[in-house]
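The values are calculated or read from the model by the stated rules, or taken from the named source; none is laboratory data. Predicted model only: the values in this text are computed from it and were never measured. Cβ sites come from the backbone with ideal geometry, for glycine too, and all protein chains shown count toward neighbours.
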Amino acid sequence: MRLTLPLFALLAVSGLSIAAVPATCANPCGLQGSALGFVTPVAIVTSGSTVSWTALDITHVNADGSGIQVTDTCFRVTYSNTAASTPVTLTIVGSELQATYDVGGVPTTSTCATAKALPDGSFALPYYCKLHPEMHGLIVVEP
């Protein structure tokens with residue numbers, strides 16, 4: 001894990017506490033959410049990893065960003081306590097982060113405009129729950 005000072009700054013502006021300790025998540029990475037927040041608010045994955053979410057309580061809809069922008073730029077997934085989200089594959093391609101996931105059975109790849117490039121070549125991708133906007137998380141994608 002290559003935690004840098006810019007990552008701490010991103011934690012602060014993304015609505016997460018600096019006390020949110022990053023955790024490395026193996027591929028495929030399974031994360032959990034509840035109305036109280038994300039069990040692992042900061043997850044570290046390697047480029048090409050697949051991430052999915054399950055709920056501990058009710059239905060959630062995760063999307064990239066902080067909730068300020070009107071549209072999602074790279075992913076939007078729904079999940080509940082009975083069904084995991086569609087897997088999202090996060091890949092560093094050149095100088096950008098891309099997300100690939102199925103939308104209506106069609107594989108879709110989008111550039112993650114809300115991802116922030118870090119000095120070590122990693123990207124920090126904030127995300128939140130559209131139904132519970134106080135829920136914020138961050139995925140760090142390492143090369």
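Computed values, structure above
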read-out	value
Residue within the range 21-28 that is assigned to a loop (DSSP other than H, G, I, E, B), modelled with pLDDT under 90 and closer than 17 Å to residue 129 by Cβ present	no
Subset of the range 54-69 [assigned to a strand (DSSP E or B) and within 18 Å of residue 97 (Cβ to Cβ)]	62, 63, 64
Top-ranked residue of the range 57-92 - restricted to ones that are exposed (fewer than 14 other Cβ atoms within 10 Å of the Cβ) and among the aliphatic types (A, V, I, L, M), ranked as modelled with the lowest pLDDT	70
Lone qualifier among 34, 95, 110, 52 - being closer than 13 Å to residue 139 by Cβ and surrounded by fewer than 19 Cβ atoms within 10 Å (Cβ to Cβ)	52
Close pairs from the range 52-65: first within 7 Å of residue 127 (Cα to Cα), partner surrounded by 16 or more Cβ atoms within 10 Å (Cβ to Cβ) and among the acidic types (Asp, Glu), Cβ under 7 Å, at least 6 apart	63/72; 64/72; 65/72
Residue check for residue 77: of a type in the set (Val, Ile, Thr) and either closer than 18 Å to residue 25 by Cα or in contact with a helix residue (DSSP H, G or I) (Cβ under 6 Å, 6 or more places away or on another chain) (or both)	no
Any hit, the range 34-46, residues being in a strand (DSSP E or B), within 14 Å of residue 135 (Cα to Cα), at pLDDT below 95 and aromatic (Phe, Trp, Tyr)	yes
